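Asks: If you scroll down you'll find the structure; I have some questions about it.
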Amino acid sequence: MRKTAYVPRFLFLTACLLFSFAETRAQDSPATSVPFAYSAYFGTGWYQIGDGRDVYVFRYAPRWEMQEADFAEDGSRTIGIEFRFPLTFGLENFSSNDLPGSVDPDNLKSMSVTPGVDIIIPISQRWLLRPFAAAGWGQALDNSDSVIIYWAGVKSRYSFQHGKLDWALLNSITYVGHTPSIGFDDDFWPIMAGLEFDYPLGNRKLGGEQLFLSWHGMYTTFQKSLDQPIGDGLSLEITDEWEFGFSIHKEEEPIKIWFMKFHRLGLAYRVSSSGELEGISFVLRGIFDR
């Protein structure tokens, strides 16, 4: 047990260091208003838009699996159904030296709730499709701005094995949009292609189960530019995003830390080709299950 206990602790400390880095960068430039409509879609992490526009996002997404997907040896299949109830909070500042101050209600900048449903369709033992849709509401807490947020799409995961590596080819196409209480509707079309693989960490176990190291890399193009206003009638056009990350996970059961359970624990670096969008996000599930 002592050999494996260091891994979640290392990831937690690494995350704190990365948030400290983000905080230092934020102090180098003036604070400005940050668009919050797409925070629920991008997920938990730190994101920087343009020059010094830092976004700190925390997303809590409980799920209820109504029916588990399955593909039997005789070719029969069971369609999976999963409901999600994500709550997303945007913070004004995040300080690893003052965690209680970071979660203080006065530090909250925005919040949103975007319930949704996923349908998991087993095409074969190796190939899964995942149509999904979500819609909800968001509110900026420092003014009267509110927004209706929505997205829908389909993901694909094709898995295969080579030696000790379990590989997965990942693809998705999504429509993401929002309708603000003041202003015009906006939307974009992320199209993603990626690769993910798992590698067993020798004989290391946690809770009696084999530990795996997972790596992923993916590229997302926004068929319609993601426009982010920067004030004075100007905006940034973000056309794509690269993501590279790693995580650890157990073979079957989630990793339990205190009263919390995580399917994976890791970090990912996200950046656009232009450098206008940059971020570090937490990896808490596989790409297909996000």
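The values are calculated or read from the model by the stated rules, or taken from the named source; none is laboratory data. The shown structure was predicted, so the numbers you read here are calculated from the model rather than taken from an experiment. Heads up, the Cβs are rebuilt from the backbone with ideal geometry, glycines too, and the neighbour counts pull from every protein chain shown.
Asks: Give me the residue from the range 83-105 that is of a type in the set (A, V, I, L, M, F, W, C) and either in a strand (DSSP E or B) or at pLDDT 75 or above (or both) and, out of that set, farthest from V55 (Cα to Cα).
Replies: Per the criteria, the residue is F83.
Asks: May I ask you to verify whether G275 is without any contact (Cβ under 8 Å) to a residue 12 or more places away in the chain and under 23 Å from Y219 (Cβ atoms)?
Replies: For G275, the condition - without any contact (Cβ under 8 Å) to a residue 12 or more places away in the chain and under 23 Å from Y219 (Cβ atoms) - is met.
Asks: Determine, yes or no, whether F184 is within 23 Å of the chain's Cα centre (by Cα) and either among the small types (G, A, S) or at negative phi (or both).
Replies: No, not satisfied.
Asks: T179 - would you say it is hydroxyl-bearing (S, T, Y) and either modelled with pLDDT of 90 or more or surrounded by 17 or more Cβ atoms within 10 Å (Cβ to Cβ) (or both)? Spell out how you get there, then give the answer.
Replies: Numbers: hydroxyl-bearing (S, T, Y): yes; either modelled with pLDDT of 90 or more or surrounded by 17 or more Cβ atoms within 10 Å (Cβ to Cβ) (or both): no.
Considered against the rule, which asks whether it is hydroxyl-bearing (S, T, Y) and either modelled with pLDDT of 90 or more or surrounded by 17 or more Cβ atoms within 10 Å (Cβ to Cβ) (or both), T179 comes out as no.
Asks: Only residues that are part of a strand (DSSP E or B), farther than 18 Å from Y199 by Cα, out of contact with any Phe, Trp or Tyr (no Cβ under 7 Å at 6 or more places or on another chain) and of a type outside the set (D, E, K, R): list them for the range 231-276, please.
Replies: Of everything in the range 231-276, those that are part of a strand (DSSP E or B), farther than 18 Å from Y199 by Cα, out of contact with any Phe, Trp or Tyr (no Cβ under 7 Å at 6 or more places or on another chain) and of a type outside the set (D, E, K, R) turn out to be G231, L234, S235, L236, I257, M260, F262.
Asks: Which is modelled with pLDDT under 85 and of a type in the set (A, V, I, L, M), of L265, L206, L201?
Replies: L206
Asks: Hey, K109 hits all of (1) closer than 18 Å to S39 by Cα; (2) outside any strand (DSSP E or B) but one; which does it fall short on?
Replies: Every listed condition holds for K109 apart from (2).
Asks: Another question, if that's okay. Pick from the range 125-166 the residues that are without any contact (Cβ under 8 Å) to a residue 12 or more places away in the chain and part of a strand (DSSP E or B): which of them is surrounded by the fewest Cβ atoms within 10 Å (Cβ to Cβ)? Outline the logic, then answer.
Replies: Step one: list which residues in the range 125-166 are without any contact (Cβ under 8 Å) to a residue 12 or more places away in the chain, which gives 143, 161-163.
Then drop every residue that is not part of a strand (DSSP E or B), which leaves 161-162.
Numbers: Q161: 11, H162: 8.
So the residue we want is H162.
Asks: Would you check if L169 is crowded, with 19+ Cβ neighbours inside 10 Å, modelled with pLDDT of 95 or more and within 23 Å of W215 (Cβ to Cβ)?
Replies: For L169, the condition - crowded, with 19+ Cβ neighbours inside 10 Å, modelled with pLDDT of 95 or more and within 23 Å of W215 (Cβ to Cβ) - is not met.
Asks: Among the residues of the range 66-82, are any buried (at least 17 other Cβ atoms within 10 Å of the Cβ), modelled with pLDDT under 80 and touching a Ser or Thr at 6+ places or on another chain (Cβ under 7 Å)?
Replies: no
Asks: Taking the range 139-167 as the region of interest, how many residues are touching a helix residue (DSSP H, G or I) at 6+ places or on another chain (Cβ under 7 Å) and not hydrophobic (A, V, I, L, M, F, W, C)? Spell out the reasoning first.
Replies: From the range 139-167, those touching a helix residue (DSSP H, G or I) at 6+ places or on another chain (Cβ under 7 Å) are 149, 151, 155, 157; that's our starting set.
Going one step further and asking which of them are not hydrophobic (A, V, I, L, M, F, W, C), we end up with 155, 157.
Residues meeting the conditions: 2.
Asks: So G183 ticks every box in (1) part of a loop (DSSP other than H, G, I, E, B); (2) in contact with a Ser or Thr (Cβ under 6 Å, 6 or more places away or on another chain) but one. Which box is left unticked?
Replies: Going through (1) part of a loop (DSSP other than H, G, I, E, B); (2) in contact with a Ser or Thr (Cβ under 6 Å, 6 or more places away or on another chain) one by one, G183 breaks only (2).
Asks: Another question about this same structure. Taking interchain pairs and intrachain pairs at least six residues apart, which have beta carbon atoms under 6 angstrom, with the first residue in the range 78-98 and under 17 Å from W64 (Cβ atoms) and the second of a type in the set (D, E, K, R) and at pLDDT 95 or above?
Replies: These pairs meet every condition: E82/D118.
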